[in-house]
Amino acid sequence: MREYLDFEKPIAEIEEKIEKLAAAGQSRPGVQDDLRKLRAKLYQLQAEIYARLTPWQRTQVARHPQRPSTLDYIGRICDSFLELHGDRLYGDDQAIVAGLARLNGRSVVVIGQQKGKTLKERVQRNFGMPNPEGYRKALRLMRLAETFNKPVITFIDTPGAYPGIGAEERGQAEAIAKNLQVMASLRVPIVSVVIGEGGSGGALAIGVADRLLMLQHAVYSVISPEGCAAILWDDPKKTPDAAEALKMTAEDLLRLGVIDEILPEPPGAAHRDPTAICGAVKKAVEAHLSALLELPLDDLLQRRFKKYRRMGALGGQ
């Protein structure tokens, strides 16, 4: 069953007509012509609606339950994947998926947040909100990548790090800070892709990269629109205003120099054509990895340092 967002109701109506007409088959003359016209209308309507999405609507698309997840991308773009578990300190956090993979024959380390698709999976994955042990598992894999000289690919898709009491007791802030420190000087290329929702330090903890790519309808921000509206206005009705003020869309972030490339999504967003978007992500990741691997290691680290020093109002001063 396809799920529709509120602003997709006109799309839902046309798709329902197409399904009914297709089910009728050849039972009446002209059915194929009618189907072609309806599909052309659907394509145009999708393009028009998605071309004028507000930042809050983009956030809803980024959170769509049928949007491709980290495991979807790994399964479609990697030749093989061996998942590794546990942080060797506390336990295994299923909100973070990490392991060894091969991308077009090249050995890489892949890390990403996983929200889950069904309610049972989402509970199991803690809705994609990692605990400290998740970030320490990611850190263990990054150090493994450095030891064996393997590039790192990360997929960002989380509302944020889990803010529970247990997570704080086990050092959530320290785990995130440690990842930032290590990634800043990790001696292998790092490519990160924001595939859905990139929330706060929970996203940044696996997002300090040489190249940061972002899907067209993904969002990336220091806080969720709901959290921002609660803090600034104490009014949930201000959530769309908060989304606008946060400058969390791909176009905003490219203009601000936070990301390096926007990856266009298929008509109707990534969840409508997972095969197409996975192909686009694979092509982009391969291209960036190949370019980074050409750089001498000292140049790679210096460019990474300068990249993050340039960000912000001070311009690297």
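Brief remarks follow.
- The charge dipole of the chain, taken about its Cα centre with unit charges on the Cβ atoms of Lys, Arg (+1), Asp and Glu (-1) only, comes to about 540 debye.
- The protection proxy used here, the mean number of other Cβ atoms lying within 10 Å of each residue, ranks peptides 43-53, 140-150 as follows, highest first: 140-150, 43-53.
- Listed by Cβ neighbour count within 10 Å, with the fewest neighbours leading, 311, 129, 1 appear as 1, 311, 129.
- Shape call, the stretch 9-128: gyration tensor on alpha carbons, a/c limit 1.5: prolate
- Equivalent ellipsoid of the stretch 87-154: semi-axes from √(5λ) of the C-alpha gyration tensor, largest first, are 23, 15, 7 Å.
- Relative packing of peptides 77-86, 156-165 - highest average C-beta neighbours within 10 Å first: 156-165, 77-86
- For the stretch 6-52: Kirkwood Rh in Å [reciprocal of mean 1/r, alpha carbons]: 11.3 Å
- Under 14 Å, Cβ to Cβ, from residue 124 - net charge with Lys/Arg +1 and Asp/Glu -1: +2
- Distance histogram for the stretch 218-306 (every C-alpha pair counted, 10 angstrom bins, percent rounded to whole numbers): 15, 28, 32, 20, 5, 0
- The per residue volume of the convex hull around the alpha-carbon atoms of the stretch 13-82 is 154 Å³.
- All Cα-Cα separations within the chain were binned at 20 Å from zero, giving a P(r) of 31, 55, 13, 1, each value a whole percent of the pairs.
- Over the chain, Cα pairs under 8 Å with separation of 6+ residues give a relative contact order of 16 percent.
- Approximate shape of the stretch 150-219 as ellipsoid semi-axes (Cα gyration tensor, √5λ), whole Å, largest first: 21, 17, 7
- Viscosity 1.002 mPa s, temperature 20 °C, Stokes-Einstein D of the stretch 158-317 from Kirkwood C-alpha radius, µm²/s: 125 µm²/s
Computed from the coordinates by the stated procedures, all read-outs in this text should not be read as laboratory data. Keep in mind that this is a model prediction, so the values were computed, not measured. We place every Cβ from the backbone using ideal geometry, glycine too, and count neighbours over all the protein chains shown.
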